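Data first, discussion second: the structure below is written as structure tokens.
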Amino acid sequence: MAGVPALTGGRLSGALINTGELFAIGLEGLRRTWDVRTWFWEFVEQCAFLARVTALPVILVALPLGATVALQVGDLAGQLGAQSATGGAVVVGLVREVAPIAAALIIAGAGGSAMTSDMGARRIRDELSAMEVMAVNPVHRLVTPRMWAASLISMMLASLVILSGAVGGFVFNVLLQGVTPGAYFDGALGLLRVSDLLVTLGKAWLFGMISALVACHMGMKCEQSPVGVGRAVNKATVVAFMLVFAFNYVITTIYFVAYPPKI
């Protein structure tokens with residue numbers, strides 16, 4: 001029993017150390033953002049890679065998600081005589097909550113795992129140490145472009161989620177449940193505000209950067225073995241998901257306090 005407090009204290013200490021290293025790498029990556037010439041082409045390459053591996057999964061997730069929400073909400077709203085409000089419920093839910101979270105989860109799952117594997121492989125081959133020997137900061141050269149690429153693609157994916165989900169909801173609500181297209185879009189536009197879109201894009205930008213930062217950190221600090229890289233990939237995905245949900249809760253709570261939802 002005496003070893004339990006020591007074990008708990010050791011885990012807590014390790015978690016605090018990892019958190020500090022994560023923030024340190026993030027701040028160091030942002031510190032040299034202005035020196036775009038050193039990381040621009042890596043940024044372009046990462047944007048192309050992330051767009052290629054995440055665009056189709058996002059569409060395949062958002063279409064049935066919007067259709068399912070429209071089906072469930074439309075059935076309930078039809079019993080209450082307010083079936084025309086289904087469009088508002090679908091689009092507002094997509095814009096405020098679903099879009100940034102779905103984009104971040106796809107970035108962390110598809111793109112983040114590849115980033116972690118890449119960084120872990122570089123660590124195993126001592127490429128990171130070789131860059132430091134040549135007076136090249138690996139954080140500036142590798143982490144900075146990945147953070148900005150993930151944040152940009154995450155914003156684009158959030159927009160794609162909104163469009164795809166709205167199309168899926170339109171198919172079910174209008175074509176199958178008999179609601180007019182005008183009522184569908186009028187209900188959505190009546191509840192949305194410009195601030196909703198701005199906050200959604202801001203959350204998508206932040207969540208994408210967090211996902212890339214966690215992926216790079218786990219890869220750069222993994223054990224120098226193939227097994228260590230695999231564990232780092234699993235760990236990075238779980239930690240990114242937890243941070244995304246935690247930050248989303250905080251941001252949404254603050255936003256609802258500042259701008260209460262309209263009825």
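The values are calculated or read from the model by the stated rules, or taken from the named source; none is laboratory data. Just so you know, these numbers come straight off a predicted model, no measurement behind them. Positions of Cβ are backbone-derived with ideal geometry, glycine not excepted, and every protein chain shown enters the neighbour counts. For accessibility, only protein heavy atoms count, side chains too; no ligands or nucleic acids. Shrake-Rupley method; radii C 1.70, N 1.55, O 1.52, S 1.80 Å.
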Taking the chain as a Gaussian network, where each spring joins two C-alpha atoms under 10 Å apart, which residue of F43, F245, F170 fluctuates the most? F245
1/(1 + (r/R0)^6) with r = Cβ-Cβ of D126 and M242, R0 = 41 Å, i.e. FRET efficiency to nearest 0.05, evaluates to 0.85
In deg cm²/dmol, rounded to 500, what helix-only [θ] at 222 nm does the chain give when every DSSP H run of at least 4 residues adds -39500 (n - 2.57) and the total is split over its residues? -26500 deg cm²/dmol
Regression test value, accessible area per residue of region 183-263, probe 1.4 Å, units Å², expected 53 Å²
Between F185 and V136, how many nm apart are label points set 7 Å from Cα along the C-beta direction? 5.0 nm
Ignoring ligands, DNA and RNA, what percent of the 1.4 Å accessible area of the chain is carbon and sulfur? 72 percent
Roughly how big is region 180-263's charge dipole about its Cα centre, with Cβ charges of +1 (Lys, Arg) and -1 (Asp, Glu), in debye to the nearest 20? 180 debye
Pop a pseudo-label 7 angstrom from the Cα along the beta-carbon direction at both V257 and E28 and give the gap in nm to one decimal. 3.4 nm
